[in-house]
Amino acid sequence: MNPQPLVAIVGNPNAGKTSLFNSLTGSHQKVANYPGVTVERISATLQLEGQTVECLDIPGLYSLEAQSMDEQVAVDAVMGRGEERVPDLLVCVLNAANLERNLFLFSQVAEQGIPVVVALTMTDLLREDGKAIDAIKLSNLLGVDVIPVIGHRGQGVDLLKETIARNLEDGHPPSPTVEHPAALEEEVTQLAERLARVGMDVSRDDIRRALRSADDPFAARVGEIPEISAEFDRAREKLQASGVFADHRIVADRYKWAGSLTSQVIASGVSPRKWRSDRLDKVLTHRFFGLIIFATVMYGVFQAIYTFAGPMMDAIEGCIGWFGGLVGGLLEGQPMIQSLVVDGIIAGIGSVLVFLPQILILFALIAVLEGTGYLARAAFLMDRLLGWCGLNGRAFIPLLSSFACAIPGIMAARVMPDPKSRLATILVAPLMSCSARLPVYILLIGAFIEPEFGAGWAGFALFAMHFLGLAIAVPVVLVLNKGIIKGRRLPFLLELPPYQWPRLRDVLLAMYFRGKVFLVTAGTIIFVMSIVIWALSSFPRSAEAEARYEQEHRQAQKEGSIDAYVQQRQLEDSFLGRFGRTIEPVFIPAGYDWRITTAILCAFPAREVVVPSMGIMFAVGGDADEESVDLRKALDQATWPDGRKLMTPWTAVGLMVFFALCAQCMSTLATVKRETNSWGWPVFMFVYMSGLAYLLAVAIHQVGLRVGG
Ligand SMILES: Nc1nc2c(ncn2[C@@H]2O[C@H](COP(=O)(O)OP(=O)(O)OP(=O)(O)O)[C@@H](O)[C@H]2O)c(=O)[nH]1
Ligand SMILES: [Mg+2]
């Protein structure tokens, strides 16, 4: 079967490639206003009139000389190296508001011997500056079709599709952009004649590329004919020695060409937009005010999450309680099944569902920040603040994505320019507090901080828990860079994108997709784990033991209802209870009893599981006919066997810190294994994170005991 024609979208970072790709193919790939959003190759079907083609979205490139891993992916796709096949057409995205630098890449892309169509983006930004670009003249100068588009609005996309179809039929590579050195041309002529004699008719560009790099697909083809391959090797060595391929000369030539071309198609002059943005940057990246603003923004984010989610949570909790009661009533005759469905499944999923509002608010706010272009400024600030410890400003964006989820954060570390910084970023990314930790914080803050200190401190506590990861990352990176990771680090370079208004569509899509992921996790892992934990906590059970517990209760004349006592004793005697009490001594120094210990251990595969498992461990005495037991209250009232209160604010903070730092996520460890291609690093990460979590939890509890919390 003939494979579909392949079209790859290539361009500078943040030029609008993914926006265009989404419009062309109807995909929903992530779009945000900073360079380095797309870090892998993404393929989708592009439906053209009369034919179907494969379309590739790839990471952004400043040049075809790749440094970081994401750039390598993009260069491979453009050149058809490695596993990739050579594209039949390149759609080169040129950002009209930054034409000169974008043309530099074009001048390299033009030499690939592949037909090119130019999509001109950001013409609206240019217009805001009162400037215009002469697309027809640009098309004549480049020798290719140039289509102005506004990718995110779909403007110009139909015309672009037609043009792609036409160029797939009869497109040709662009005219050469820079003059090639005479020494190179001499060799090319000789080799072309030599190839013609063996019946190979190839373009001069093919020969140039094969001379520049032996990895080139055409060079590989030539490699199959030994005597010609030998001539290529000889010519390559000679040219390399004479410095024809010295970067600075070619680079200077390309910039000269790009500059002169730009001045021919865009009138020069002042840019009011740039002037405004420079003034804003002065404040936002100021070494003092910038930091104050950054801290305020972040504090605002967490305060908003804490404040606005409350009423929605109550509503959801009410619905779940009502639903549990309804189902419980239907299953009245079968206490075992009733308990499984109501206490295990419904309560388990419900206890996680109530956190959906916070998660959605968090993602909406992150998407707003991503849309404005502020994040790149924050990265700039962070570089100044944290550069000394080796936490490059470039690392800030992967770290910030890790606040949503560590997995895309770890992937985003591909933009790091050198392997050393990349590895350091991967290893600290999971310290950032992901959205799955949010439920634990909200639960404990709601139970122990807010009642005692008020809502203001509750919001602050939430902010502090998120700040903690970043604060811990600093010494960790310092230690990693000092001894554990070898290699050289490259300096920090990050392009500041133009300020833009966040797009409602991007925000809604982010909420929808992240919310869906959250619900799917809640619906699968938590569903399965709830059943497992419920079963382990309900068996073994026997009527004989039950009678014995009832008698115990009567003899000792204990307080509280007899049912609650029996359930409590049964839980202690269950598989899970026995297991928890065996492990209990390990966590006694941190102030956790066997119930918390068990919940912690159950949550190692995925930390979302902790809230439902605490629900099962603490919902003793819950009556299915009433509203589900409020876990917050149950935690607050829990005691040690001798009647001491189990949880003090100190223990609660210690527990939150434990959850903030512990490596409780199999998927993250699997991602680290994949991205570092080794088992050693995920194991290392698991040990250092969990060790740190344990030590800090113990320290906090011990301090609490001393100061009498
Ligand atoms: N004003 C304007 N903004 C645009 C246009 N096209 C894209 N954008 C915005 O530019 C930003 C970057 O868009 P993306 O599509 O993510 O850019 P990209 O080239 O895929 O970026 P990387 O994946 O990081 O290389 C987003 O904020 C888009 O909304 C356009 O034509 N005009
Ligand atoms: Mg992209």
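The values are calculated or read from the model by the stated rules, or taken from the named source; none is laboratory data. All figures in this text were calculated on a predicted structure; none of them were measured in a lab. A quick note on method: Cβ atoms are made from the backbone with ideal geometry, for glycine too, and the neighbour counts reach across all protein chains shown.
Here are the numbers for this structure:
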read-out: Residue list for the stretch 401-446, restricted to those being over 13 Å from the mean Cα position of the chain (by Cα), more than 21 Å from Ala693 (Cβ to Cβ) and of a type in the set (Lys, Arg); value: Lys420, Arg422
read-out: Tally, over the stretch 495-521, of residues that are under 11 Å from Ala364 (Cα atoms) and of a type in the set (A, V, I, L, M); value: 6
read-out: Only listed residue being farther than 30 Å from Leu385 by Cβ and over 34 Å from the mean Cα position of the chain (by Cα), chosen from Gly350, Gly328; value: Gly328
read-out: Ser175 being more than 16 Å from ligand 2 (Cβ to nearest atom), touching a helix residue (DSSP H, G or I) at 6+ places or on another chain (Cβ under 8 Å) and part of a helix (DSSP H, G or I); value: no
read-out: Boolean, Ala436 is farther than 30 Å from Leu99 by Cβ, surrounded by 15 or more Cβ atoms within 10 Å (Cβ to Cβ) and not β-branched (Val, Ile, Thr); value: yes
read-out: 1 or more residues away from ligand 1 (no atom under 13 Å from the Cβ): qualifying helices (runs of 4 or more DSSP H) within the stretch 47-141; value: 69-79, 99-109
read-out: Within the stretch 1-59, tally of residues that are more than 11 Å from ligand 2 (Cβ to nearest atom), on the phi > 0 side of the Ramachandran plot and touching a residue at least 60 places away in the same chain (Cβ under 8 Å); value: 1
read-out: Pick from the stretch 124-168, criterion of a type in the set (A, V, I, L, M) and in contact with an Asp or Glu (Cβ under 7 Å, 6 or more places away or on another chain), ranking: farthest from Leu105 (Cα to Cα); value: Ala165
read-out: Exclusive hit being more than 36 Å from the chain's Cα centre (by Cα) and modelled with pLDDT of 85 or more, set Val244, Val265; value: Val265
read-out: Subset of the stretch 427-437 (residues that are hydrophobic (A, V, I, L, M, F, W, C) and either in contact with a His (Cβ under 9 Å, 6 or more places away or on another chain) or free of Cβ contacts under 8 Å to residues at least 12 places away in the same chain (or both)); value: Met432
read-out: Subset of the stretch 633-667 (residues that are among the polar types (S, T, N, Q) and either under 16 Å from Phe403 (Cα atoms) or loosely packed, with under 12 Cβ neighbours inside 10 Å (or both)); value: Thr639, Gln664, Ser667
read-out: Single unsatisfied condition, Leu493 versus (1) closer than 18 Å to Gly390 by Cβ; (2) assigned to a helix (DSSP H, G or I); value: (2)
read-out: When residues of the stretch 8-45 are limited to those that are in a strand (DSSP E or B) and either of a type in the set (Ser, Thr, Tyr) or surrounded by 22 or more Cβ atoms within 10 Å (Cβ to Cβ) (or both), the one farthest from ligand 1 (Cβ to nearest atom); value: Thr45
read-out: Selection count where residues are surrounded by 24 or more Cβ atoms within 10 Å (Cβ to Cβ) and either touching a Cys at 6+ places or on another chain (Cβ under 8 Å) or within 18 Å of Ala535 (Cα to Cα) (or both), scope the stretch 587-602; value: 6
read-out: In the stretch 142-151, residue farthest from Arg204 (Cα to Cα) [restricted to those that are within 13 Å of ligand 1 (Cβ to nearest atom) and buried (at least 23 other Cβ atoms within 10 Å of the Cβ)]; value: Gly151
read-out: Where Leu400 falls short, out of the listed (1) part of a helix (DSSP H, G or I); (2) more than 23 Å from Gln72 (Cβ to Cβ); (3) touching a Lys or Arg at 6+ places or on another chain (Cβ under 6 Å); value: (3)
read-out: From Gly393, Gly324, Gly344, residue being closer than 25 Å to Leu431 by Cβ, crowded, with 18+ Cβ neighbours inside 10 Å and touching a helix residue (DSSP H, G or I) at 6+ places or on another chain (Cβ under 6 Å); value: Gly393
read-out: Some residue of the stretch 173-191 being within 25 Å of Asp88 (Cβ to Cβ), away from ligand 1 (no atom under 16 Å from the Cβ), among the small types (Gly, Ala, Ser) and modelled with pLDDT of 90 or more; value: no
read-out: Residue list for the stretch 287-303, filter: buried (at least 16 other Cβ atoms within 10 Å of the Cβ) and under 22 Å from the mean Cα position of the chain (by Cα); value: Phe294, Met298, Tyr299, Val301, Phe302
read-out: Conditions (1) more than 17 Å from Ala8 (Cβ to Cβ); (2) in contact with a helix residue (DSSP H, G or I) (Cβ under 7 Å, 6 or more places away or on another chain); (3) of a type outside the set (Ser, Thr, Tyr); (4) outside any loop (DSSP other than H, G, I, E, B); number of the one not met by Ile147; value: (1)
read-out: Any helices (runs of 4 or more DSSP H) falling wholly within the stretch 306-395 and containing at least 3 residues that are among the small types (Gly, Ala, Ser) and under 30 Å from Phe513 (Cβ atoms); value: 347-353, 356-372, 374-386
read-out: Some residue of the stretch 216-224 being more than 30 Å from Asp129 (Cα to Cα), modelled with pLDDT of 80 or more, outside the structural domain of Ala132 (by TED's automatic domain parsing) and crowded, with 17+ Cβ neighbours inside 10 Å; value: no
read-out: Qualifying positions in the stretch 304-323 - among the small types (Gly, Ala, Ser) and under 30 Å from the mean Cα position of the chain (by Cα); value: Ala304, Ala309, Gly310
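Let's see how each residue does on (1) in the same structural domain as Gly130 (by TED's automatic domain parsing); (2) in contact (Cβ under 8 Å) with a residue 12 or more places away in the chain; (3) in a loop (DSSP other than H, G, I, E, B):
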| position | (1), (2), (3) |
| --- | --- |
| Ser263 | no, no, no |
| Gly269 | no, yes, yes |
| Lys274 | no, yes, no |
| Ser277 | no, yes, no |
| Lys282 | no, no, no |
| Gly290 | no, yes, no |
| Ile293 | no, no, no |
| Val301 | no, yes, no |
